[in-house]
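Accompanying notes for the structure given below.
The values are calculated or read from the model by the stated rules, or taken from the named source; none is laboratory data. These numbers come from a predicted model, not from an experiment. Ideal geometry is used to build each Cβ from the backbone, glycine not excepted, and the neighbour counts take in all protein chains shown. Each accessible area value is taken on the protein alone, full model and side chains, heavy atoms only, with ligands, DNA and RNA left out. Shrake-Rupley method; radii C 1.70, N 1.55, O 1.52, S 1.80 Å.
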Amino acid sequence: MIEIIQNYDNPQIRAKHDSSQWYLTKIGILVCIAILLPGRGMGQSYEGQWVGWLSQDGKRDTFTYQVGLEQKGDSFQGESFSATANAKATAQFQVIATAEGEQLVLQEIQQLSPKKPKWCLKYVQLNWSTQDGLPVLFGKWQANGCTPGTIWLQKKGKKIETSSTETLPFEMTGKWTGVLKQSDRDYGFYYAFELYPDQLGQSYIVSEANGGSATHELNWSFDAASQQLTLTEQAILEKSDGDWRWCIKSGTLKRSQDGLKYTLEGPWQGYLEGSDGSTMNCAPGILYLEKPILQQEQQSVAYAFEPYEAKLDRKVQVERLIEVQSETLRIKIWDNGTVDGDVVTIFLNGEQLVENFKVTKRKRGFPVKINTKGDNYLILHAEDLGDISPNTVAVSIDDGTREQVIILSSNLEESGALMIRKFQMKE
């Protein structure tokens, strides 16, 4: 629950939270900005009703939060409303705000209700963006004597239509995600690599059976004429099972474009860790990796994850992209490897599909509906990594026409995401 100043009549606490000094300081800043920078920041429409949530750093409780603003000259006035998740505790505030560029500076200056206890009077610099065609404001709030946190708001009203669908320039560098198959095994490995501009990089592999996971150092080069990537793994940087011997792999992968993604595919060969490398004593196999093609309208993909990243302190990495034929899907998740106690929470477009789910070999399924006029994002949030880090979960997406299975990987710093798009026939 958000911190409420319970003993406001206590002289020591009252001195610490002297509202007059707090108001005057912040109001002075806002008025000075409005005087010195008249007319700036009026390109965005901040007037109207905004709804969303409020959180505090290090706390799981989330509050609903609403703001109504009316423009008065170069500034804004209005009221905000906050409530606990169960709505048992609520508070209403008088607010003032001023705009500068794509940022709104907002201050709660007076608690209108209840009279007691006193709540935090929040000050926040909100950044402007859009999500699902609607304006979004988000930023870190602070208040005297209170743990700071994050506010996220979306404006009620008509959607902002975008018309740009220009494809962004391709870059070989960055993260590629997929699967490694080996001829002597009936299961695959989750496989990904990060390519750096200096032709160095790191690969990452997770076994569906024994071995756990490992990270390799690698070298790479790309021949534009043949559209081929040459990959050579070097030393093992880290592995979860000290007794397991991994293959040190090399291969030449063909780059292609498949709809909304780039692919790398080709044979690999390798030698067993600890051998001299003169004999390729690992059973060979096939490597397949993907990288989503982003378009101009998707440059704002990062903002779609801002609320998630701010609230849960995780970065999001879009690992795979799929197209589906229907807006109604059935999603299944299960452990594709060794059952080691992985616990996950799954989000689809910011909504929780399943919380603190202990993943096993038994498939957990649930029906969902997706947005047909934009991109949808399924995020795998790791709650517990189990005995083998990271969490790797098989995800099945069935649109009634075909079932597509991919593997997502997440740890306690970064969450893997799947981009889902409804197939559109070109005219």
Given a 1.4 Å probe and heavy atoms of the protein chains only, how would you sort Thr263, Thr279, largest accessible area at the top? Thr279, Thr263
Starting from the Cα of Leu412, step 7 Å along the direction of its Cβ; do the same at Thr173; then give the gap between the two resulting points in nm. 3.1 nm
Cα centroid distance between segment 327-352 and segment 47-71, in Å? 28 Å
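Could you size up the charge dipole of segment 167-250 around its Cα centre, putting +1 on the beta carbon of Lys and Arg and -1 on that of Asp and Glu, and report it in debye to the nearest 20?
On the way: 6 positive and 12 negative charges, 27 e Å.
The calculation lands at about 120 debye.
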Once both label points are put 7 Å beyond Cα along the C-beta direction, the Gln257-Asn144 separation in nm becomes 5.9 nm
Using a 1.4 Å probe and ignoring any ligands, DNA or RNA, find the accessible area of Met280 and quote it in Å² to the nearest 10. 90 Å²
Relative contact order of segment 217-282 (C-alpha contacts under 8 Å, at least 6 apart) in percent is 25 percent
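Here is the link list: Lys88/Lys311; Lys181/Lys254; Lys59/Lys116; Lys175/Lys291; Lys358/Lys422; Lys175/Lys254. Which ones come out longer than 18 Å on Cα distance? Before the final figure, lay out the partial values.
Numbers: Lys88/Lys311 22 Å; Lys181/Lys254 16 Å; Lys59/Lys116 23 Å; Lys175/Lys291 7 Å; Lys358/Lys422 30 Å; Lys175/Lys254 16 Å.
Long pairs (Cα-Cα over 18 Å): Lys88/Lys311; Lys59/Lys116; Lys358/Lys422.
From largest accessible area down, sort Lys261, Lys72, Lys239; use a 1.4 Å probe on the protein chains. Can you show the working numbers first?
Values: Lys261 30, Lys72 95, Lys239 60 Å².
Putting Lys261, Lys72, Lys239 in descending order of accessible area: Lys72, Lys239, Lys261.
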